[in-house]
1. Assess whether residue 297 counts as being at pLDDT 95 or above, open to solvent by 10 Å² or more (accessible area, probe 1.4 Å) and either of a type outside the set (A, V, I, L, M, F, W, C) or assigned by TED's automatic domain parsing to the domain that holds residue 191 (or both).
2. Tell me, please, whether a residue that is in contact with a Ser or Thr (Cβ under 9 Å, 6 or more places away or on another chain), away from ligand 2 (no atom under 16 Å from the Cβ) and open to solvent by less than 40 Å² (accessible area, probe 1.4 Å) can be found in region 51-63.
3. Do any helices (runs of 4 or more DSSP H) entirely within region 1-108 hold 1 or more residues that are farther than 28 Å from residue 153 by Cα, and if so, which?
4. Residue 159 fails exactly one of the following numbered conditions: (1) open to solvent by 10 Å² or more (accessible area, probe 1.4 Å); (2) over 17 Å from the mean Cα position of the chain (by Cα). What is the number of that condition?
5. Going through region 49-73 one residue at a time, which ones are charged (D, E, K, R) and closer than 24 Å to residue 193 by Cα?
6. Of the residues 184, 204, only one is near ligand 1 (Cβ under 9 Å from one of its atoms) and under 13 Å from the mean Cα position of the chain (by Cα); which?
Amino acid sequence: MQTKVIKIDRNNIDMKDIAYCADVIRNGGLVCFPTETVYGLGASAFNSEAVKNIYKAKGRPADNPLIVHISDYKMLELVTDCDGEQRNVLNKLAEAFWPGPLTLISHRDDAVPAEVSCGLDTVGIRFPSHPIARALIEAAGVPIAAPSANLSGKPSPTRAEHVIEDMMGRVDVIIDGGNCDVGVESTVFDIAGTKMSVLRPGAVTLEQLLSVVNTADELDWMKPHMDSDEKPRSPGLKYRHYAPNATVNIYDGVRPNLSNYIIEEIKNAKRRGFSVGVLATDESICYYKEVDGVVLSLGSLEDSLQQASNLFHCLRRFDDMGVDMVFAEAVPKGGAGDAVMNRLYRAAGGKIVTVETARDSEGHIC
Ligand code: TXA
Ligand code: MG
């Protein structure tokens, strides 16, 4: 398939280009486009053949449902079928967080083909804030079903170059709209179940959601969800994800022990002939000056939004530089930190090494 790459300036959108891309969507084609979280791989949510092609282009398992993107509340009416308390909650959350990086799982209207939701009676809906995404959906005049525009299992794309790497020859159009701001995928919040629950952490936190709804919890994503036959509430949790080609190892602990431990691990890896990478922070990168490998910073330990926006690009850079093993420091939870740790944890295949802190006889960290 011939893929056309079209550059669009988010601050000065060329509506002729948008009209072209919207036609591709209406005619059953596939368009990759930027959103404020990550790039999406979109097709008309009402065209089941086009939706099936999304799964093919990504190599995505057939039981992992897609998010439907809307650009106004008329579209919301078309894709959801809910009333009473769920409708109430949906309206309140939409008012508080849309347009923005929040996906709501609600009951699906029959107008949305079963392929979008893999046969579930629910549908994930998101009203993105990115001006190019909004212009595209609006011009297409139909909701757009879109997963992240990466090959299944790879880190999500946060820059056009990532999409080109994964999707060239697999889709009709790639819109190059610059870098995504948030950098991790939307928070997925299920309001259709008996208890409202965050299924995937993102930039909108449980704490923020609790300022609008009375009770809600967050799925414990540290529990093993991978390769299980049990039906997970969020089908996406079953799969190893966000993973570069390199093996990712996460270490949690307090510096300097943490860095010393990682440096020892790196020496072992180098002795065994592996090329290494370190995912550090602005505060810790100085500890790895002597490391013969690729040392990257996620950003400041105190700025979880910055960490989120750098994470997937860093993971892809390790691959570009031929790294076999990545040694990553855990970052603090809270804010977007939960989302960063969730993605790292899954890139690592679900394991974290806790580094014990050495203390002196009086209990001080040494
Ligand atoms: O920020 C985002 O959400 C990006 C941009 C493109 O909008 N999209 C994205 O899509 O991350 P994807 O397909 O990579 O992830 C969608 C997640 C998956 O974990 C999927 O299992 C879950 O949402 N999901 C979608 N529909 C669902 C449903 N009806 N019930 C439960 N989980 C659902
Ligand atoms: Mg994805």
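1. So residue 297 passes the test.
2. No, every residue in region 51-63 fails to be in contact with a Ser or Thr (Cβ under 9 Å, 6 or more places away or on another chain), away from ligand 2 (no atom under 16 Å from the Cβ) and open to solvent by less than 40 Å² (accessible area, probe 1.4 Å).
3. Helices (runs of 4 or more DSSP H) meeting the threshold: 15-26, 73-79, 84-97.
4. Answer for residue 159: the failing condition is (2).
5. Listed by number, the list holds a single entry, 63.
6. Only one candidate qualifies: 184.
Yes or no, residue by residue, for (1) within 16 Å of ligand 1 (Cβ to nearest atom); (2) surrounded by fewer than 19 Cβ atoms within 10 Å (Cβ to Cβ); (3) in a helix (DSSP H, G or I); (4) at pLDDT below 95:
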| position | (1), (2), (3), (4) |
| --- | --- |
| 193 | yes, yes, no, yes |
| 199 | yes, no, no, no |
| 230 | yes, yes, no, yes |
| 237 | yes, no, yes, yes |
| 254 | no, yes, no, yes |
| 262 | no, no, yes, no |
| 266 | no, no, yes, no |
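Here is a yes/no grid of residues against (1) closer than 22 Å to residue 187 by Cα; (2) out of contact with any helix residue (DSSP H, G or I) (no Cβ under 6 Å at 6 or more places or on another chain); (3) surrounded by 18 or more Cβ atoms within 10 Å (Cβ to Cβ):
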{"position": "5", "(1), (2), (3)": "no, yes, no"}
{"position": "14", "(1), (2), (3)": "no, yes, no"}
{"position": "73", "(1), (2), (3)": "yes, yes, no"}
{"position": "76", "(1), (2), (3)": "yes, yes, yes"}
{"position": "80", "(1), (2), (3)": "yes, yes, yes"}
{"position": "85", "(1), (2), (3)": "yes, yes, no"}
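The values are calculated or read from the model by the stated rules, or taken from the named source; none is laboratory data. Because the structure is a prediction, the values reported are computed rather than measured. Here the Cβ is made from the backbone with ideal geometry for all residues, glycine too, and neighbour counts use every protein chain on show. Ligands, DNA and RNA are excluded from the accessible area calculation, which covers all protein heavy atoms including side chains. Shrake-Rupley method; radii C 1.70, N 1.55, O 1.52, S 1.80 Å.
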